[in-house]
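The values are calculated or read from the model by the stated rules, or taken from the named source; none is laboratory data. No experiment lies behind these values; they were computed from the predicted model shown. Cβ placement follows ideal geometry from the backbone for every residue including glycine, while neighbour counts extend to all protein chains displayed.
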Amino acid sequence: MRGESFSIHKFRSMSINHSGELVSATDDTRVTRLGTVMRRTKLDELPQLLDVFVGNMSFVGPRPEVAKYVALWSRERRDLILSVRPGITDPASIALRNEAAELADAEDPEGHYIESLLPKKTAMYVDYVNSQSFLGDLAIIGRTLATVMKD
C-alpha cells in the first residue's frame, strides 16, 4: 500500500483470454454479457470488500490505478494521491460514472483516457486528499449509493 502494488479483487467481467488496452468502453467485445450487467450495477466491485477487510483498501479514497497510468502522474500528484489508502469509491467515481460510454465515443479510447480522463481524475483525487474528512466520506458513500441505485 501507499504506492505499493496489490491485487484487487473483482468479479471477472471480461473473457479469460483477452488482451489489448487497459481501459475498456461500453462496446468492448472483451466484456461478457454477464460482465456488462455486473459493470452497469457495479456488482463487479463487491469483492473489493475483501480488500478493505485485509487493509489494502478503504471504503472511500482515490480509486486504485494501473501502474502504467500512475507513472504518467506528476511526482507531486503521485506522492499526494498515494499517501492515502485507495478506496472502493471517491468523487471521481461518481462524477465520471459514465467513463466507459465516453471511451466508446472516442476514436482512440486509451489516448482519450490518458489525455482527458486521467487529468480530471487526478485533480479530483488531489482535491479529495486535501479535504478528506469522516463526514465527507459518509457523504461520498451516500452519493455513491444514490448514483448506483438511480442507474
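Some observations on this one:
- Within the stretch 124-136, the residues that satisfy the criterion of being surrounded by 12 or more Cβ atoms within 10 Å (Cβ to Cβ) and either in a helix (DSSP H, G or I) or under 14 Å from the mean Cα position of the chain (by Cα) (or both) are MET124, TYR125, VAL126, ASP127, TYR128, VAL129, GLY136.
- Only one of LEU50, LEU72 that is without any contact (Cβ under 8 Å) to a residue 60 or more places away in the chain and assigned to a helix (DSSP H, G or I): LEU50
- Within the stretch 52-85, the only residue that satisfies the criterion of being in contact with a strand residue (DSSP E or B) (Cβ under 9 Å, 6 or more places away or on another chain) and at positive phi is GLY61.
- Tally of residues being at pLDDT below 90, farther than 15 Å from PRO119 by Cα and of a type in the set (Val, Ile, Thr) across the stretch 53-103: 0
- Counting the residues of the stretch 41-60 that are among the acidic types (Asp, Glu) and over 18 Å from GLY142 (Cβ atoms) gives 2.
- Near pairs, Cβ below 6 angstrom, 6+ apart or cross-chain, from the stretch 103-117 (closer than 23 Å to SER74 by Cα) to any residue that is in a helix (DSSP H, G or I) and aliphatic (A, V, I, L, M): PRO109/LEU103
- Residue in the stretch 93-109 that is over 23 Å from GLN48 (Cα atoms) and of a type in the set (Lys, Arg) present: no
- When ILE94, ILE141 are checked against the criterion of being under 25 Å from GLY3 (Cβ atoms), more than 14 Å from the chain's Cα centre (by Cα) and assigned to a helix (DSSP H, G or I), ILE141 stands alone in meeting it.
- Criterion: among the hydrophobic types (A, V, I, L, M, F, W, C), in contact with a Ser or Thr (Cβ under 8 Å, 6 or more places away or on another chain) and over 15 Å from VAL129 (Cβ atoms) - qualifying residue of LEU103, LEU96, LEU72: LEU103
- Residue among LYS121, LYS68 that is among the basic types (Lys, Arg) and buried (at least 19 other Cβ atoms within 10 Å of the Cβ): LYS121
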